[in-house]
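No value in this document is a laboratory result; all are computed from the given coordinates. From a predicted model like this one, the values you see are computed outputs, not experimental measurements. Cβ: placed from backbone, ideal geometry, glycine included. Neighbour counts: every protein chain shown.
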Amino acid sequence: MNHINPLHIGGLLGVIILFLFFQLSGAKSEFKEAGHEYKKSEKVAVTLSSLKTVYADKKKTKKALERVLSLSSIKQAKLTIDRNKNSFKISSKSITTEVLNSLMGKILNDSYKITYLKIKKLSDTTASLSLEIQL
C-alpha cells in the first residue's frame, strides 16, 4: 500500500524537465537582451570618450581659435576679442557679411563649445556679432 507508482515519478520528472526548459529559454532571452544593452552602452561610451577628447583639451581649443582669429581675412574686421581664463568673447558692432561668413564657416565647422551667439543684420552688407566660446 505504500508503494509509489512509477508513472507518478515519470510525470514528476517530465514536469521538472519542462519547467527547467522554460527557465533556460527565459535565461537565454535575458542574456541576449543583456548583450544588446552592453553593445549600446559600449557605443555610448566610445562616443562620450571621443567627445571628451575633443572638448576637454582647453589648450588645443585655444590654439585653434587663435589660429582662426589670426587669419588675414578675419583680422581685417577689427573684432573686439576678450580672452578670459575660461572663455573667448568675440564681438563687433559692424562686420561685413563676407568676413562674418568666413568666421562662422571656420567656427561652426570645428568643435567649439559656443555658449552665446547673436548675429543681427544691419544692412545688406553689414551685421553685428556677439559670440562667446567656452574653453
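A few comments on the model shown:
- Taking only the Cα atoms of the chain, the ratio Rg/Rh comes out at 1.60, with Rh defined as the Kirkwood radius.
- Size of charge dipole - the stretch 1-56 - debye, nearest 20, with Cβ of Lys, Arg +1 and Asp, Glu -1, no other charges: 260
- Computed over the chain: relative contact order in percent, which uses C-alpha pairs under 8 Å that are six or more apart: 21
- Computed E for Leu122/Gln76 - FRET, C-beta separation, R0 22 angstrom, nearest 0.05: 0.75
- What the Cβ-Cβ distance of Thr53 and Lys32 gives, at R0 = 35 Å and to the nearest 0.05, is a FRET efficiency of 0.60.
- Inter-label distance, Lys113 to Glu42: 2.9 nm, where each label sits 7 Å from its Cα along the C-beta direction.
- Linear extension gain, His8 paired with Leu24, 0.36 nm per residue minus alpha-carbon span: 3.3 nm
- When only alpha carbons of the stretch 1-73 are considered, Rg and Dmax amount to 31.1, 107 Å.
- Ellipticity estimate at 222 nm from DSSP helix runs (n ≥ 4, -39,500 (n - 2.57)) divided over the chain, nearest 500: -20000 deg cm²/dmol
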